[in-house]
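The values are calculated or read from the model by the stated rules, or taken from the named source; none is laboratory data. Remember, predicted model here, so these are calculated numbers, not experimental data. Note: ideal-geometry Cβ built from the backbone for every residue, glycine included; neighbour counts use all protein chains shown. All accessible areas refer to the heavy atoms of the entire protein, side chains included, with ligands and DNA or RNA removed. Shrake-Rupley method; radii C 1.70, N 1.55, O 1.52, S 1.80 Å.
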Amino acid sequence: MKALITTIVEPLVDHPEDIKVVEKEEPNKMVYHLTVNPEDVGKVIGKNGRIAKSIRTVVYAAGTNTKKRIYLDIM
Amino acid sequence: MKQVTASGQTVNDAVQSALQQLNTTEDQVHIDIIDEGKKGMFGLFGAKRAIVKVTIKEDPIDQAKIYLKQIAHSFSNDVDVDVKRDGQNIRFDLSGEKIAMIIGKRGQTLNAIQHLVQVMLNRHTNEHFRIIIDAEGYRERRQATLEQLAQRLADKAIKIKKHVALEPMPSYERKIIHSILQDNHEVETYSDGKEPNRHVVIKPLL
């Protein structure tokens, strides 16, 4: 799952080396905390959060066959 | 961008050596000759090696295809991507097992993937590409569904003499609804709300 998040975000930013995904397990869900270079924040959020929404839709859909619910936290 | 600088006895030798290092072929690269080199006397005195800089040309559409494939493979390893290009319009067709997972409820996952690929592709080029990602004929089936839905809701709007709002849809799906009801003179259609909640409203004319 971490790999998928990185794969999705990598071509969207100017500083792919600054992408960080931190995984945290909570009782009912897996939380992934995504951080990117401050200059790239807008690029992963998009106008009205459209890009962030698309990233979440894809990640959640890919996570349906995992045991726990997934939550993606951006920045 | 991947590039190497290589040298050889002749320009051709240098290019070949660079191609080998990059593991590619001549039609995939851009070649800059830095020094043509000199043969020298009897190949001994004053000989200078030829130096070239070889850069791999990155085709944005290929990049997009790889990107799409990587995303699709997180759902199922058995997904193929077929690309068709017609000017600025590019069509990606996904096929394979578990395609329903990739489409998602009312195509929301497919639409999200399409949006990401669109953003990614247009970030790397100056051209503006319009893309469509389809999976096992989903878009056509959706069109048929939308046609039925539009007719049904138009009838309803006429019957109850009130505006009927549809659920939010992406622009090309709204366009389908508008164009279907264009020929129906008893109703008018318009879009209301802001993306991503923009939706079609059908208004009875009487």
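When DSSP beta bridges are restricted to pairs lying wholly in the protein assembly as shown, around 75% turn out antiparallel.
Using heavy-atom solvent-accessible surface (probe 1.4 Å) with all chains present, what is the largest-first order of B:L68, B:L153?
Reading off the accessible areas and sorting them downward yields B:L153, B:L68.
Listed values for the range B:111-127 are Karplus-derived 3J(HN,Hα) couplings in whole Hz (6.51 cos²θ - 1.76 cosθ + 1.60, θ = phi - 60°), namely 5, 5, 4, 4, 4, 4, 5, 4, 4, 4, 5, 6, 6, 9, 9, 8, 6, and x replaces Gly and Pro. To the nearest 10, the accessible area of A:M1 is 60 Å² with a 1.4 Å probe. Between the C-alpha center of the range A:23-64 and that of the range B:14-89 there is a gap of 34 Å. Contact order for the range B:3-56, expressed relative to its length and based on alpha carbon pairs under 8 Å spaced 6+ residues apart, stands at 47 percent. Accessible surface for B:M120 stands near 10 Å², nearest 10, in the context of the full protein assembly shown (1.4 Å probe). Measuring between alpha carbons in the structure, the pairs from A:K29/B:K65; A:K67/B:K65; A:K20/A:K43 lying more than 23 angstrom apart are A:K29/B:K65; A:K67/B:K65. From helices alone, chain A scores -9500 deg cm²/dmol at 222 nm; the rule is -39500 (n - 2.57) for each run of n ≥ 4 DSSP H residues, then divide by the residue total. When the residues B:D27, B:D35 are ordered by accessible surface, computed with a 1.4 Å probe over the protein chains alone, the sequence from largest down reads B:D27, B:D35. Annotation: amide H of A:D73 within the under-5 Å range of A:Y32, A:H33, A:L34, sequence separation 5 or more or interchain, hydrogens built in the peptide plane. For B:K156, the lysines whose Cα comes closer than 29 Å to its Cα, not counting residues fewer than 8 places off in the same chain, are B:K105, B:K175, B:K194, B:K203. Kindly express, to the nearest 10 degrees and within the range 0 to 90, the angle between helix B:171-181's C-alpha long axis and the longest C-alpha principal axis of chain B. Between helix and principal axis, roughly 40 degrees.
In this structure the amide hydrogen of B:I133, modeled in the peptide plane, comes within under 5 Å of the amide hydrogens of B:F92, none closer than 5 places in sequence on its chain. Amide H contacts under 5 Å for B:T125: none, restricted to partners 5 or more places along the chain or on a different chain, H placed in the peptide plane at 1.01 Å from N.
Straight-distance candidates among the lysines for linking to B:K39, with alpha-carbon spacing under 22 Å and chain neighbours fewer than 8 residues away dropped: B:K48, B:K53. Only beta bridges with both residues in chain A are counted; by DSSP, about 50 percent of them are antiparallel. If the segment from B:E26 to B:K69 were pulled out straight at 0.36 nm per residue, it would be longer than the present Cα-Cα gap by 12.9 nm. Using the Karplus relation 6.51 cos²θ - 1.76 cosθ + 1.60 with θ = phi - 60°, the per-residue 3J(HN,Hα) values for the range A:58-66 come to 5, 5, 5, 5, 5, x, 5, 8, 8 Hz, with x marking Gly and Pro. Listed values for the range B:23-29 are Karplus-derived 3J(HN,Hα) couplings in whole Hz (6.51 cos²θ - 1.76 cosθ + 1.60, θ = phi - 60°), namely 6, 8, 10, 4, 6, 9, 10, and x replaces Gly and Pro.
What longest region of chain A stays clear of trypsin sites (Lys or Arg not before Pro) that DSSP places outside H, G, I, E and B and that have at most 13 other Cβ atoms within 10 Å? Intermediate values should be presented prior to the final figure.
Working: sites that count: A:K67, A:K68.
Maximal segment without exposed cleavage sites: A:1-66.
Give the Debye-formula value of log10 I(q)/I(0) at each listed q (0.12, 0.17, 0.20, 0.22 Å⁻¹), with one equal scatterer per alpha carbon of the range B:1-119, two decimals each. Per q value, in the given order, log10 I(q)/I(0) is -0.62, -0.85, -1.01, -1.11. The relative contact order of chain A comes to 33 percent, based on Cα pairs under 8 Å that sit 6 or more residues apart. Kirkwood radius for the range B:3-56, taken over all pairs of different Cα atoms as the inverse mean of 1/r, rounds to 11.1 Å. Within 10 Å of the Cβ of each residue in A:55-63, the mean number of Cβ atoms contributed by other protein chains is 6.
From the helices alone, meaning DSSP H stretches of at least four residues, give me the mean residue ellipticity at 222 nm for chain B, per-run term -39500 (n - 2.57), in deg cm²/dmol to the nearest 500.
Details: 6 runs with 81 residues, N = 206.
Using -39500 (n - 2.57) per qualifying helix, the result is -12500 deg cm²/dmol.
Structural descriptor for chain B: relative contact order 13 percent, calculated from alpha carbon pairs under 8 angstrom and at least 6 residues apart.
Once divided by 2.2 N^0.38 Å, the Cα radius of gyration of the protein assembly as shown becomes 1.36.
Hey, what's the Cα Rg ratio for chain B versus the globular rule of thumb, 2.2 N^0.38 Å?
Values: Rg = 26.8 Å, N = 206, 2.2 N^0.38 = 16.7 Å.
This ratio for chain B stands at 1.61.
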